[in-house]
Amino acid sequence: MNDVAGLYIDLLMRCVSNAVYDDDMDMMRGQMAVDDQTGRYVLLEAVPATMEEKYLGHIWPTRAHTMVGIPRLQNLRECIETVLKERIAGDLIETGVWRGGASIFMRGVLKAYGVTDRTVWVADSFEGLPPPDPVRYPKETLADFYRHEALAVSLDEVRTNFARYGLLDDQVRFLKGWFRDTLPAAPVERLAIARLDGDLYESTMVALRALYPKVSPGGFVIIDDYNVVDVCNEAVHDFLEEHGITGPLTAIPQGGAFWRK
């Protein structure tokens with residue numbers, strides 16, 4: 001690996017997670033109120049977060065551009081570097097991007113290695129999570145993630161975040177809308193990396209069904225919320241059983257899991 005590229009990737013990882021500063025607060029445990037007009041929870045006051053909590057991806061940070069933490073970013077880096085080294089064909093996609101930090105990191109790794117023939121697809125509603133649909137998905141969580149204003153980050157804000165790193169270019173394409181509407185018809189031909197971060201049973205299952213056929217042999221499927229949100233585990237295991245997939249599912253320290261097709 002090129003030493004300069006490695007140094008850039010290390011620094012980018014620390015920047016998108018805001019590991020270089022200790023000024024993040026935790027919105028997840030903060031004091032909330034319901035906005036009368038939107039019906040969503042708005043943050044009144046965040047609570048202090050430790051550097052360890054942020055490093056591990058255990059908080060909703062006030063400043064960092066991703067909440068996934070260093071272990072999951074390191075896993076993403078290793079997967080990308082593997083598909084580049086082994087010339088596994090395909091683009092990279094993240095489904096559920098929040099402020100865009102992990103997708104920005106994906107684009108940055110490609111940039112560091114001078115890769116010009118792969119696209120980073122950035123898929124999100126850019127309006128937060130959808131309400132749970134237990135009628136269509138009986139295993140769905142009844143958690144009210146959809147009511148948290150902090151999880152609704154606009155497309156303009158995510159584009160701005162890409163631009164702040166100098167990484168908003170024609171190798172980045174955005175898919176705006178609910179996954180059930182955008183992913184089945186997305187103009188994605190082939191994938192080397194599919195990183196799914198949809199929290200819900202529906203969001204995980206829809207993404208797997210739409211994207212897994214496009215993952216190249218040797219490509220990686222990464223599930224951010226595995227061992228973090230119970231219904232995400234349910235969706236993954238149901239999909240694996242549905243398709244007779246028996247390959248090893250490897251846990252990522254502190255949350256998340258991945259497998260190789």
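Bear in mind these aren't lab numbers, they're just calculated from the coordinates by the rules spelled out. Just so you know, these numbers come straight off a predicted model, no measurement behind them. Here the Cβ positions follow ideal geometry from the backbone for every residue, glycine too, while neighbour counts run over all protein chains shown.
What share of the DSSP beta bridges in the chain is antiparallel, in percent to the nearest 5? If you can, show how the numbers build up before the last one.
Values: 13 of 33 bridges.
Around 40 percent of the beta bridges assigned by DSSP in the chain are antiparallel ones.
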| How large is ³J(HN,Hα), in whole Hz, for each residue of region 59-67 in order, when computed from phi with the Karplus curve 6.51 cos²θ - 1.76 cosθ + 1.60 and θ = phi - 60°, using x for Gly and Pro? | 10, 9, x, 6, 10, 4, 8, 9, 10
| note | For residue 54, counting only aspartates and glutamates whose alpha-carbon sits under 12 Å away and dropping same-chain residues fewer than eight positions off, the answer is 22, 23, 24, 26
| message | Rounded, prolate or oblate, given the Cα gyration tensor of region 25-89, with a/c below 1.5 counting as rounded? | response | oblate
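Using Cα-Cα distances under 8 Å and only pairs 6 or more residues apart, what relative contact order does region 29-74 have, in percent?
Values: 48 pairs, mean separation 11.5, N = 46.
For region 29-74, the relative contact order is 25 percent.
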| Near residue 261, which lysines are there with a Cα under 27 Å away, not counting those fewer than 8 places off in the same chain? | 85, 111, 139, 176, 214
| field | In region 150-199, trypsin sites (Lys or Arg not before Pro) in a DSSP loop with at most 16 other beta-carbon atoms within 10 Å | value | 190
| request: State whether region 112-214 is rounded, prolate or oblate according to the following rule on the C-alpha gyration tensor (a ≥ b ≥ c being the square roots of its eigenvalues): a/c under 1.5 gives rounded; otherwise a/b larger than b/c gives prolate, and the remaining case gives oblate. | output: oblate
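Can you check what the net charge comes to around residue 49, using other residues whose Cβ is under 12 Å from the Cβ of residue 49 (Lys, Arg +1; Asp, Glu -1)? Intermediate results must be reported in sequence, preceding the final value.
On the way: positive: 29, 54, 63; negative: 22, 23, 24, 26, 52, 53.
Around residue 49, the surrounding residues sum to -3.
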| said: For region 1-44, I need the span (max minus min coordinate) of the C-alpha atoms along each principal axis, in Å, sorted largest to smallest. | reply: 53, 20, 11
